[in-house]
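**Student:** Pasting a structure here, questions to come.
The values are calculated or read from the model by the stated rules, or taken from the named source; none is laboratory data. Since we're looking at a predicted model, the values are computed, not measured. As a convention, Cβ positions derive from the backbone with ideal geometry for all residues, glycine included, and neighbour counts pool all protein chains shown. Keep in mind that these areas ignore ligands, DNA and RNA; they rest on the heavy atoms of the full protein, side chains included. Shrake-Rupley method; radii C 1.70, N 1.55, O 1.52, S 1.80 Å.
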Amino acid sequence: MRRHENEPFVVSREVRAVIVPAGQEVKLKPGQAGYITQALGGSFTVYLEGNLFRIIGQEPVKSPELPPNAKEEDVKRLAWDQMRTCYDPEIPINIVDLGLVYDCAVTQNEDGTRTVDVTITLTAPGCGMGDILVDDVRDKIGRIPTVREARVTLTFDPPWNQSMMSEAARLQTGMF
């Protein structure tokens, strides 16, 4: 059953989750009741007992497809599309529109596979969700055919600010 935002739910089995924004892993227990606050990009953020949690173990996501004889630009475009399916667990906006992706480069390896190097940041340096977002980006880019390795670097230079958001993201959040 597909769940929607603000839908109440009850945990039916033990579930691994991460406290947002602390990043500490916990186990949600059967019987706990709460609300889904975000269901985007195969990830879930839920509100339980006064805290936000990002569920670990995403919904299965369809693997992206590359056209035959794809070039590095095709892989790069698909990498950006994949990153648009990665969401900040607190803000229902993808990390590209939030301005958290600083760079994406594709290199062809000698064996015809590709390596994708991505540099991302967080909205706040103290956010404990960095590893979760890095893993999400690495996983989704790693699903691209021909990608042998997705290397994701987290940086805080330059520090993120609201001006890095797309116009659509600023409108959605009311940050003009």
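**Student:** Give segment 100-112 a look and list any residue that's at pLDDT 95 or above and open to solvent by less than 50 Å² (accessible area, probe 1.4 Å), or say none.
**Tutor:** Passing the criteria: Leu100, Val101, Cys104, Ala105, Val106, Asn109.
**Student:** Quick check on segment 128-170: of everything there that is among the basic types (Lys, Arg) and more than 23 Å from Arg54 (Cβ to Cβ), which residue is most open to solvent (accessible area, probe 1.4 Å)?
**Tutor:** Arg148
**Student:** For segment 77-99, give me the residue count where each residue is among the charged types (D, E, K, R) and either in a loop (DSSP other than H, G, I, E, B) or open to solvent by less than 60 Å² (accessible area, probe 1.4 Å) (or both).
**Tutor:** Within segment 77-99, residues that are among the charged types (D, E, K, R) and either in a loop (DSSP other than H, G, I, E, B) or open to solvent by less than 60 Å² (accessible area, probe 1.4 Å) (or both) number 4.
**Student:** If Pro125 satisfies every condition in (1) closer than 25 Å to Ala168 by Cα; (2) open to solvent by less than 30 Å² (accessible area, probe 1.4 Å); (3) not small (Gly, Ala, Ser) but one, which is the exception?
**Tutor:** Only one criterion in (1) closer than 25 Å to Ala168 by Cα; (2) open to solvent by less than 30 Å² (accessible area, probe 1.4 Å); (3) not small (Gly, Ala, Ser) is unmet by Pro125, namely (2).
**Student:** Return only the number of the condition from (1) open to solvent by less than 40 Å² (accessible area, probe 1.4 Å); (2) of a type in the set (D, E, K, R); (3) under 16 Å from the mean Cα position of the chain (by Cα) that Glu7 does not satisfy.
**Tutor:** (3)
**Student:** Oh, and also: Name the single residue that is most open to solvent (accessible area, probe 1.4 Å) among those in segment 19-41 being assigned to a loop (DSSP other than H, G, I, E, B) and among the polar types (S, T, N, Q).
**Tutor:** Checked segment 19-41; the qualifying residue most open to solvent (accessible area, probe 1.4 Å) is Gln24.
**Student:** I need the full set of residues from segment 42-55 which are part of a loop (DSSP other than H, G, I, E, B) and either surrounded by fewer than 13 Cβ atoms within 10 Å (Cβ to Cβ) or in contact (Cβ under 8 Å) with a residue 60 or more places away in the chain (or both), in order please.
**Tutor:** The answer is Glu49, Gly50.
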